[in-house]
Amino acid sequence: MEIFWANHDPFARSWSKQYKSVIFYHNEEQKRLAFETRIKLEEKLKQKIYTEIVSENIFYPAEDYHQKYYLRNRKELMRILKDIYPNDVSFTASIAAARINGYLGGYGNISEIEKDLTATGLSPETVKKIVAALNGQQR
């Protein structure tokens with residue numbers, strides 16, 4: 001929950017349903033933690049939080065062009081990954097693509113991403129190509 005609250009603006013009202021701030025919980029423990037942390041943050045900062053907390057029901061993934069946004073803007077990396085994930089479904093579901101996208105978004109460092117990509121089962125040569133491409137680009 002700390003990571004969630006630290007990485008978005010819970011005080012802004014949503015201007016549309018598709019962009020609203022929301023926490024989906026799957027069980028009573030998650031629900032309790034979400035409400036507890038929201039209340040503590042409101043008390044600490046003395047501001048109303050507009051993030052909704054609702055039961056996970058039906059979830060609709062974002063449109064393809066919203067998926068792996070930072071990564072989609074890196075042509076060299078996309079060329080490398082297209083061979084491994086030839087369609088949007090496999091690309092969107094890819095843990096490796098998610099980790100690269102997170103790195104490009106400012107999370108983690110190059111040694112962590114190299115270790116994480118190796119753990120996803122990518123070949124050593126593919127990991128080397130990706131790391132080389134990441135080293136050659138500014139975040």
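Of note:
- In the full protein context, the chain carries 70 Å² of accessible surface per residue, based on a 1.4 Å probe and ignoring ligands, DNA and RNA.
- Given the chain, longest segment not containing exposed loop GluC sites (Glu not before Pro) (DSSP; at most 14 other Cβ within 10 Å): 64-139
- Rolling a 1.4 Å probe over the protein heavy atoms of the range 36-116, with every protein chain left in place, gives an accessible area that is 53 percent carbon and sulfur.
- For the range 1-115, the relative contact order is 21 percent, taking Cα pairs closer than 8 Å that sit 6 or more residues apart in sequence and dividing their mean separation by the residue count.
- Förster radius 30 Å - calculated FRET efficiency between residue 39 and residue 65, Cβ distance, rounded to 0.05: 0.25
- Computed from label points 7 Å out along Cα-Cβ, the spacing between residue 57 and residue 93 is 2.6 nm.
- Taking amide H atoms as placed 1.01 Å from N in the peptide plane, the amide H of residue 52 lies under 5 Å from those of 21, 22, 23, each 5 or more residues away in sequence or on another chain.
- Chymotrypsin sites (Phe, Trp or Tyr not before Pro) restricted to DSSP loop in the range 31-138 with at most 16 other C-beta within 10 Å: 50, 59, 107
- Rounded Å value of the spacing that divides the Cα centres of the range 1-66 and the range 86-101: 24 Å
- Gyration tensor verdict on the range 1-42 (Cα atoms; rounded if a/c is under 1.5, prolate if a/b is larger than b/c, oblate otherwise): oblate
- Taking 0.36 nm per residue of separation and subtracting the Cα-Cα distance, full extension of the segment from residue 84 to residue 9 would add 23.5 nm.
- 25 Å Cα-Cα reach of residue 129 towards lysines, excluding residues that sit fewer than 8 places from it in its own chain: 68, 75, 82, 115
- Only one of (i) 23, 20, 15; (ii) 32, 18, 13; (iii) 33, 17, 15 was calculated from the structure for semi-axes √(5λ) of the Cα gyration tensor in Å, and its label is (iii).
- Value of Rg to Rh for the range 9-68, rounded to two decimals, is 1.02; Kirkwood radius and Rg both from alpha-carbon coordinates.
The values are calculated or read from the model by the stated rules, or taken from the named source; none is laboratory data. Computed from a prediction, not measured in an experiment: that's the story for all the values here. As a convention, Cβ positions derive from the backbone with ideal geometry for all residues, glycine included, and neighbour counts pool all protein chains shown. Ligands, DNA and RNA are stripped out before the accessible areas are found, and what is left, the full protein with its side chains, is counted by its heavy atoms. Shrake-Rupley method; radii C 1.70, N 1.55, O 1.52, S 1.80 Å.
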